[in-house]
Each structure stands twice: as structure tokens, then as C-alpha cells.
Amino acid sequence: MFINITDKKEAENKGSSAMLVHYLEKENRKPKKEQQEFWFNALRSDISPYEVMTRIDGNVAKLGRNDPKFFLINISPSKKEIAFLIERFGRDRVREKLKAYTAKVMDEYAKNYKRDGISGQQDLLWFGKLEEFRYYTHPAREVKSGEKKRGQQKDGEQMHIQVIVSRKDATNRIKLSPQNTSKGKNIEHSKKMGQFDRLAFKQSGESVFDDFFGFDRLLKESLAFANVQKNGSLAERSAMASRSSEELGEVEVSNGSKMEHGFQLHFEPAESSELEVVDYVPLLDAFSVDISDDIDDEAILGRNRHRKRKARTNTR
């Protein structure tokens with residue numbers, strides 16, 4: 001599960017939301033689009049882009065000219081997670097299930113602030129948009145190598161959700177910003193401005209997915225595993241890899257035997273007569289969670305602030 005609060009150009013958030021709303025309508029502008037995809041929240045699934053824009057742009061009381069007015073949250077299940085949902089619910093129901101899951105993610109977003117009067121998604125002003133496809137961009141390796149063209153549609157299941165959430169709460173009185181990363185270290189500041197732990201928010205989104213859908217996530221597919229592999233010490237990475245290999249070694253298969261660490265195991269799935277091969281994957285350096293833009297946001301912000309302070313100090 002990939003959950004990220006983006007700061008990409010399309011999400012420029014200090015003015016009107018019109019440009020972002022227009023950008024997220026791109027699939028509705030496809031020539032052969034048979035049915036328009038409306039915006040949604042926890043109560044409705046028939047919201048027009050005009051309503052989204054006007055309500056977000058009208059919820060900006062006491063925000064300055066250069067203050068963020070809204071934020072864009074990307075909620076992207078992995079291909080394995082999407083395949084699991086399709087197998088369990090059928091393609092026709094997956095869309096509605098993902099929308100229901102999005103409301104639960106926004107509950108976690110609200111709770112993460114630990115702010116009086118903000119207890120769930122009903123206290124936020126937010127709108128979601130389901131997208132079916134993703135497209136190659138210029139920085140992509142496949143584009144640089146000439147294998148794919150910029151703007152070309154990616155293969156496989158790419159269903160994901162984009163959410164625009166207002167900086168102000170649903171009453172237009174309380175300011176809420178995921179850029180406030182105090183984590184409660186300054187108690188008085190947190191009481192006044194709230195706090196936001198980005199990593200905890202992303203972790204909660206993963207946990208909610210597993211609980212809500214009954215998804216049995218392997219340790220090596222978790223955000224915790226990816227975070228340790230990226231930011232942990234050698235000892236922490238080794239310990240996590242050991243835990244994950246032990247988990248794989250204890251997986252029960254349909255014929256009653258167990259997976260042996262380091263070897264391929266052939267077994268016959270309960271609903272198939274064809275043999276499936278399960279491989280042991282080296283766990284220390286390779287993992288299955290895409291965290292290129294999903295880990296250590298706060299560390300990056302901290303380094304940027306340090307560089308700005310240093311630049312000001314060295315200026316003559």
C-alpha cells in the first residue's frame with residue numbers, strides 16, 4: 001500500500017484548486033470514455049468537479065495569500081492488493097470497496113492530528129477521485145531507455161484514489177496541516193496547532209486495509225519492513241530480514257507441509273490443479289514495497305530547513 005501526501009507541481013496548493021481538479025479529470029476527457037467518473041466522499045458518489053472546486057476554494061477563512069489551501073493525498077494499492085480485492089469481491093464491487101476504504105483512511109488522517117474537535121473524516125472537507133490508469137512520465141527509466149513513451153499508459157492493474165482535502169476543517173474554523181510535524185514534542189504548540197506524524201498515518205492506512213479487507217500481509221510487504229531496510233542500521237535490517245525469513249519458513253501450504261527456507265517448494269493450491277512455484281526472495285536488500293516517495297518525509301523537510309538556515313547564515 002502506497003499512501004503519500006504529494007507536493008508535485010500539479011498539486012500547487014496556495015491558490016485555487018481549479019488546476020488540480022482539472023488535472024484529475026483527465027480520464028473523463030478520454031475520447032471513448034463511456035461513463036464519467038464522479039468525485040465522492042463518505043456520503044455521496046455523484047459530486048461534480050465544479051462542486052469540488054467551489055467548496056474547497058470557499059473553505060479558506062483567515063488563510064493568507066501564501067498559505068496552503070488544500071493537500072493532495074495519493075492512495076495506491078499494490079498490484080497484489082488489487083488482485084486480492086478483485087478475486088474476493090469481483091471487479092464491479094472493487095471500486096465501491098476502495099471508496100469505502102478511502103473514508104477510513106481519512107478517519108486516520110483526522111485522528112493523526114490529535115486535535116480537539118477533529119475525531120474523524122466527518123470533521124474534514126475532502127473529496128476523492130478514483131482513477132483506473134497511470135502513465136509514464138519523463139523521469140521513468142522506461143522512458144529514458146526508449147522502451148516506453150512519455151504519457152503512455154502503464155500495463156496491469158493501476159487502480160488508485162486521489163483525495164483533495166481542505167487545509168481548514170469542515171467548519172472552516174480550524175487549521176490542519178500535515179506539514180506540522182511536531183509529533184507532540186512541543187506540547188503547548190501541539191495543543192494550539194495540532195501535530196502530524198506522516199509515517200504513522202501511512203502505517204495506519206496499511207493496517208486499516210489489512211483489517212478492513214482481511215488481507216494477510218507478509219512482513220516483507222509491510223511499510224515497517226521497507227522503512228527499516230531504507231533507514232535502519234545494519235543490525236536492524238538483519239533482524240528484520242531474519243524475522244521475515246522465519247515467517248516464510250512457517251507458511252503452511254495446502255498439502256500440509258511447510259516452506260523450507262532457501263529452497264523452492266512446489267505445491268498444489270486448493271483451487272487449482274496446476275503446480276505453483278514459491279521462491280525464497282533475498283530479504284536484506286530487496287523488498288516489495290515502493291517507498292521512493294513514501295518514507296522519511298520529515299527528515300527531508302528537516303534537511304531542507306537546515307539548508308535554508310545555513311544559506312541565510314552564509315549570506316553577506
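Tabulated data
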item	result
Of the criteria (1) open to solvent by 40 Å² or more (accessible area, probe 1.4 Å); (2) at pLDDT below 95; (3) under 16 Å from the mean Cα position of the chain (by Cα), which one ASN4 fails	(1)
Selection count, the stretch 47-77, where residues are crowded, with 18+ Cβ neighbours inside 10 Å and hydroxyl-bearing (Ser, Thr, Tyr)	1
LEU176, sole failed condition from (1) at pLDDT 80 or above; (2) in contact with a Phe, Trp or Tyr (Cβ under 7 Å, 6 or more places away or on another chain); (3) more than 28 Å from GLY120 (Cα to Cα)	(3)
Yes/no for ALA103 being more than 20 Å from ILE5 (Cα to Cα), among the hydrophobic types (A, V, I, L, M, F, W, C) and touching a residue at least 60 places away in the same chain (Cβ under 8 Å)	no
Where a residue in the stretch 219-242 is under 23 Å from SER76 (Cβ atoms) and in contact (Cβ under 8 Å) with a residue 60 or more places away in the chain and its partner, wherever it lies, is β-branched (Val, Ile, Thr) and open to solvent by 50 Å² or more (accessible area, probe 1.4 Å), with Cβ under 9 Å and at least six apart	LYS220/VAL281
Selection count where residues are surrounded by 18 or more Cβ atoms within 10 Å (Cβ to Cβ), in contact with a strand residue (DSSP E or B) (Cβ under 8 Å, 6 or more places away or on another chain), among the charged types (D, E, K, R) and part of a loop (DSSP other than H, G, I, E, B), scope the stretch 152-168	1
Index of the failed condition, LYS33 passing every other in (1) open to solvent by 40 Å² or more (accessible area, probe 1.4 Å); (2) in contact with a Pro (Cβ under 6 Å, 6 or more places away or on another chain)	(2)
The stretch 113-151, residues that are open to solvent by less than 50 Å² (accessible area, probe 1.4 Å) and hydroxyl-bearing (Ser, Thr, Tyr)	TYR113, TYR136
Among residues of the stretch 193-239, those that are closer than 26 Å to LYS168 by Cα and either of a type in the set (Lys, Arg) or in a helix (DSSP H, G or I) (or both), counted	11
Test result for ASN112, within 16 Å of the chain's Cα centre (by Cα) and in contact (Cβ under 8 Å) with a residue 60 or more places away in the chain	yes
In the stretch 108-161, the residues that are over 27 Å from ILE56 (Cβ atoms) and among the β-branched types (Val, Ile, Thr)	VAL143
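The values are calculated or read from the model by the stated rules, or taken from the named source; none is laboratory data. Note that this is a predicted model, so its numbers are computed, not measured. Glycine also receives a Cβ, built like all others from the backbone with ideal geometry; neighbour counts cover every protein chain displayed. For accessibility, only protein heavy atoms count, side chains too; no ligands or nucleic acids. Shrake-Rupley method; radii C 1.70, N 1.55, O 1.52, S 1.80 Å.
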